[in-house]
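Since the structure comes first, as structure tokens, the remarks are kept for the end.
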Amino acid sequence: MTVTPPRTPRTDGPASVPSARSAARSGETADGADAAAATAAAAAGEKEGGKQESGELPPASRGFLAKATLVTAVLSVAGALLGLVRDQALARLFGAGSDTDAFLVAWTVPEFAATLLIEDGLAFALIPAFSMALARRSQGAPGDPVRALVAGTLPRLSLAFVAVGALFIGLAPQLVEVLAPGLPDPALAVDCTRLTATCVVSFGLAGYCSAALRAHRRYGAPAAIYVAYNVGIITGMFVLGGRWGVRSAAVGVAVGGLLMVLVQLPSLLGQLRKRGVAEEASAQEEARPLDTLLLTTVLLFALCRQSQVLIERFLASRLPAGAISHLNYAQKVAQMPMILSVMVCTVTFPVVARALAEGDTERARTRVERDLALAACVVLLGTAAVLACSPQIIEVLFQRGAFTAKDTAATAGVMRVYALGLLGQTLVGVLVRSYFSAGRGSWYPVAAMASGIVVTSWIGALSIGSWGVYGIAAANAIGITVTALVLLAGMGPRSVPVEVRGVLRELSRPVRAALVATLAGSFAAGRFTDPLSGLAAGGLTVTVVFLLLGRALGSQGIASALRSVRSATRRFSHVRS
């Protein structure tokens, strides 16, 4: 599905420029989807006249970002639910023992590849680069800057993806030994690692397509990639599981990675095939590679962030069998609120990058502050639900087949500890985009993430002897929270200059609401012996208490979220009628 902004009547000459800017300024005083839409309208670029025929993005109408967010949310939730089905299938077919531990060690490769090549690394470098190319095209630069960027980056990156993937396949035994030296069956992990290493190529290409499409304000295909990915894994497990065991999940990873590319390719080719007057002189535009410092810093940041998983599995590999699996299941479920909370940043990151490319720092600052408020409210609501209903959630999702009640108790306890770091995870996801949205390399986010990794390693090593998997989860939560605080403290000349004290005051409101909602939800969930009834009662109580108390405390994020929901609902009802 492609969300395409509707075309507006063409206006000729410079007179159209002030109207676009004034629309953006007036929109910044509103909340929710309408403000975001006005931001997108300004981000569509100046010099509207005469550029639509040459493939320039038309100005977005009011509500466009609300629609884009809705499409992204629906497809992302579908992908997340399929991810739960994938984890349920893994638990049911193979349990939580040495086989799944071996596969999850191999799964480290796609987890790293997703962070480096799709979610954080390449996206932070490519979206600002494509936004700058689109801005240069709108300003009448000779040739086609967008095609020049593709010509200067895609061939080199593709060769790098193939080289790294081949290296991982060849060094799979050594990689497994480094990742999990205490693993009882390293041969199985090596086989799975060689299969999952193919995702370095497929994820790299999928991440490139995703960044290019989002910069062009095409959100449907990029949001569908995890639907395709999880379909591939689930199909692989059920079709080949009886014959190949847990190796079938690794085959599914390889197939799912290929599907991630195929689901985006038609949309991207459609954008690059657009021809116009400016492209007649495309040979005059020199191929433009990515800035080396920018690429280096974003990849190092993403590598540092994902190394938390390495630390966890390295420490857990020395614990009894099943420890890695309990950590994995707990983390996957606990992170769902975080995934939903950063969804708004996925849509607005190109908007911030385009605003900075056009020199409009104030518009970028306002957008980032609203993103922080909204994302914090979403993740804190989810955190309260996880803390209140962890046993019920795990029992409903996983307790069947080889996954026992003992596994449920262990996983639920770990998940509650993980949840304490969800706000930090979300703040890191929002703030780091601000550091890289201008398309310049910055070492500060790398240093901030490295400081968090040091804290995680230190606390994990000290606490594992006494607390086991709970110590590992606590180290994760504390380390990422430290990173978030360091990133927030550095906002200013290194990044979009948000008002730090104002952000902290705003965050304190939903935090207080979440604390009360957790207590109320835990009490309600405990009144029922049936896990599904307890989950429903606890989840409903958490939601009602959080929203009511958040509104009473004056949380801007909750108010903005409710207005956006009402706006999207009205538009959906209008379309249905």
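The values are calculated or read from the model by the stated rules, or taken from the named source; none is laboratory data. A quick note: this is a predicted structure, and the numbers were derived from the prediction, not measured. As a convention, Cβ positions derive from the backbone with ideal geometry for all residues, glycine included, and neighbour counts pool all protein chains shown. SASA here: full protein model, heavy atoms, side chains in, ligands and nucleic acids out. Shrake-Rupley method; radii C 1.70, N 1.55, O 1.52, S 1.80 Å.
Observations
- Convex hull projection area averaged over all views, segment 401-479, Cα basis, nm²: 6.9 nm²
- Candidate residues His326, His216: accessible-area rank, largest first, probe 1.4 Å: His326, His216
- Taking all protein chains together and rolling a 1.4 Å probe, Ile311 ends up with roughly 30 Å² accessible.
- Shape annotation for segment 78-118: C-alpha extents along the principal axes are 30, 25, 8 Å, from largest to smallest.
- Estimated inter-spin distance, Val85 and Gln174, nm [label 7 Å along Cα→Cβ]: 4.0 nm
- Anisotropy class of segment 91-220 from Cα gyration tensor, a/c 1.5 cut: prolate
- Placing a pseudo-label 7 Å from each Cα along the Cα-to-Cβ vector at Thr296 and Leu272 gives an inter-label distance of 2.8 nm.
- Surface accessible to a 1.4 Å probe, per residue, for the residues of segment 358-400, Å²: 28 Å²
- Highest average first, the peptides 241-252, 366-377 ordered by how many other beta carbon atoms sit within 10 Å of their residues are 366-377, 241-252.
- Histogram of C-alpha separations across segment 296-417, 10 Å bin width, %: 12, 29, 31, 18, 9, 2
- Förster radius 22 Å - calculated FRET efficiency between Val544 and Val74 (Cβ-Cβ, nearest 0.05): 0.40
- Label-to-label distance, nm, for residues given as Arg501 and Ala461 (7 Å Cα→Cβ offset): 3.9 nm
- √(5λ) per eigenvalue of the Cα gyration tensor, segment 379-530, largest first, Å: 33, 20, 13
- Across segment 482-539, the convex hull enclosing all Cα atoms gives 109 Å³ per residue.
- Calculated SAXS-style log₁₀ I(q)/I(0) at q = 0.21, 0.28 Å⁻¹ - segment 138-193, Debye, Cα scatterers: -0.79, -1.02
- Sorted on the mean count of surrounding Cβ atoms within 10 Å across their residues, most packed first, peptides 162-169, 503-510, 258-265, 208-215 read 208-215, 258-265, 503-510, 162-169.
- Dipole-positive endmost among Pro337, Pro391, Leu380 within segment 276-428 (Cβ charges, Cα centre): Pro391
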